1. Return the Cα extents of the stretch 1-154 along principal axes one, two and three, sorted largest first, each rounded to a whole Å.
2. Rg and Dmax of the stretch 94-188 over Cα atoms: what are they, in angstrom?
3. Can you pull the accessible area of ILE86 for me, 1.4 Å probe, Å² to the nearest 10?
4. Could you please tell me the mean projected area of the C-alpha convex hull for the stretch 1-71, averaged over all directions and given in square nanometres to one decimal?
5. For the pair ARG138 and ARG181, what calculated FRET efficiency results from E = 1/(1 + (r/R0)^6), where r is the Cβ-Cβ distance and R0 = 30 Å, to the nearest 0.05?
6. So how many Å³ per residue does the convex hull of the Cα atoms of the stretch 39-101 work out to?
7. Would you mind computing, in nm to one decimal, how far apart the modelled labels at THR104 and ARG41 are, each placed 7 Å from Cα along Cα→Cβ?
8. Probe 1.4 Å, all protein chains in place: accessible area of LEU13 in Å², nearest 10?
Amino acid sequence: MTLDVSSPALRSLRAIAESGSFTAAAERLGYTQSAVSKQVRALETAAGATLFVRAPRGVALTAAGRALLQRAEVVLDQLDAAEQDIAALGARVGGRVALGGFPTTAVDLVPRALALLRTSTPDVDVDFRQLSTPAQLRQLRSGRLDLGVVAVNPGSADLDGLATAPLPSGPLLVAVPAGHRLAGTGPVAPADLAGERWVVGQGEAGSPSSACGRDCRRPTWRRGRGTGRPGWATWPPASA
């Protein structure tokens, strides 16, 4: 005997078994009660057995009904999984994305993000470029970057015309020699750093790695002489 049944009939079988009523099953499935009854009759004809008997409250499965339901559950689960797989194929996202990030993002933030992306969206290829914040802002505006991880104060004019979203951040730390006047003093206010000599990376093509933004154009900010290390300078300049 070949058991030739339809998935709507199997869903009707499951809904009746779960609700104990043809009427409740019809409401759950969005069918009329007569349509559910027709599905059950078709199942019983195909199985050659009675699947339900009247019970004190509604209906109950017979031994044949329980045996069929056990297999029907597996079939319906597989059909639902296949439907989801096919839908995912049509909605799959792919392509290439150009992502920029200042150098320290390559230590932890970007690798973790790329690992998650590889798991959730394997068809997206990411071209990651280590760039200073100013270089990223230029490339975002010119279309050479799709996304960038930048370090700029919220509301800065440097972000005009760009869509932004804040990322979680930790405390901003200042590194000083052990014998420096600020060493071990606890939190430091920006005013405490006035007149201090800084060491900054120059980034791509001489651009500063930091995002001092338009403040860098003020006369009080000056790029200093070389420290003797390629790509670095003191700020303000070291005395001769």
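1. The principal-axis extents, from largest down, are 77, 36, 26 Å.
2. When restricted to Cα atoms, the stretch 94-188 yields Rg and Dmax of 16.6, 54 Å.
3. We get 120 Å² for ILE86.
4. Result: a mean projected hull area of 4.3 nm².
5. 0.20
6. 155
7. Inter-label distance under the simple model: 7.6 nm.
8. For LEU13, solvent-accessible area is about 0 Å².
The values are calculated or read from the model by the stated rules, or taken from the named source; none is laboratory data. None of the values given here were measured: they were computed from a predicted structure. Note: ideal-geometry Cβ built from the backbone for every residue, glycine included; neighbour counts use all protein chains shown. Ligands, DNA and RNA are excluded from the accessible area calculation, which covers all protein heavy atoms including side chains. Shrake-Rupley method; radii C 1.70, N 1.55, O 1.52, S 1.80 Å.
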